[in-house]
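Notes to accompany the following structure.
Derivation of every value follows stated rules applied to the coordinates shown; laboratory data play no part. Note that this is a predicted model, so its numbers are computed, not measured. Neighbour counts run over all protein chains shown; Cβ positions are idealised from the backbone, glycine included.
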Amino acid sequence: MDVIIKDNERLDDLQCKGYYIIQNPDMFCFGIDAVLLADFASGRKKARAMDLGTGTGIVPILMESRDKAIHFTGLEIQNESADMALRSVIYNNLTDKIDIVCGDIKEVSKNFERESFEIVTSNPPYISGDKGLLNTMEPKNIARHEILLTLEDVIKAAAYLLKLGGTFAMIHKPFRLAEIIRLLSKYHLEPKRLKMVQPYMDKEPNMVLIESVKGGKPMVKVEPTLVVYNKDGSYTEALLRCYNMT
């Protein structure tokens, strides 16, 4: 089936299994955080996975390329992003593996049954309230700031969707880690794996990856910190492994 690439859109090579993704730089293009999340999230070959706030579908496509589940669903509230995600799925011949649903994370119960997934992932907006400068481009604004939902909305939805023993993997900012852990505990999601990400060896972490288990027992494994860049600005081997480029 022919897929239309609209004005201002581009087709980007993901350099994995021959997959491509449709993006519009005037809206919001995926970054390193989505790649790190897809790499970090635990996989189960026979699992069903949900990505909350999937944007243009990058996380499901990357996770599918690594056989981390048997089927993926991406939930996205913005029509334009969901449309690009769906066209990327069609372009990559993944319609039997990935569904894209345009809908609100706060209303997951309207579209999905309780405890219907073994894996949930999310790369949610990082900035709460009116903190930080708002981009004048509304789609970017929505992706970066908690305008349409809060961190608690995302975690509550993950808890609703997950089966007992299922995993919820998320990437966020370290300055909100205490809040994240409190909310995970509130919805019976026990943190089990934690990894900090820092841009350079001598810089403080600017991202945190955290994976929890629904109904899990208390015990968290803190994994080695991931450093993104070498001193000369090139990617570290650890980062390249996340891209499968070593």
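With +1 on the Cβ of every Lys and Arg and -1 on the Cβ of every Asp and Glu, and nothing else charged, how large is the dipole of the chain about its Cα centre, in debye rounded to the nearest 20?
Charge dipole, the chain, about its Cα centre: 1060 debye, nearest 20.
For the chain, what is the convex hull volume of its Cα atoms per residue in Å³?
Numbers: hull volume 32.1 nm³, N = 246.
It is 131 Å³ per residue.
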Cα extents of segment 1-122 along the three principal axes, largest first (Å): 40, 30, 29
Burial ordering of ASP13, ASP33, fewest other beta-carbon atoms within 10 Å first: ASP13, ASP33
Extreme residue, positive dipole direction of the chain, given options GLY165, LEU62, CYS16 (C-beta unit charges): GLY165
Listed residues THR95, PRO25, VAL213: farthest to the positive end of the dipole of segment 10-242 (Cβ charges): VAL213
Residue order, fewest to most beta carbons within 10 Å, for ASP7, ASP67, ASP39: ASP7, ASP67, ASP39
Value of relative contact order over the chain, rounded to a whole percent, pairs C-alpha under 8 Å and six or more apart: 16
Interchain or long-range residues, amide H under 5 Å from TYR19's placed H: LEU14
By average C-beta atoms within 10 angstrom, highest first, the peptides 49-60, 95-106, 111-122: 49-60, 111-122, 95-106
Which of VAL3, VAL222, VAL89, VAL213 has the fewest Cβ neighbours within 10 Å, and the rest in rising order: VAL222, VAL3, VAL213, VAL89
Length released on extending from GLU113 to ARG66, taking residue separation times 0.36 nm less the Cα-Cα span: 14.3 nm
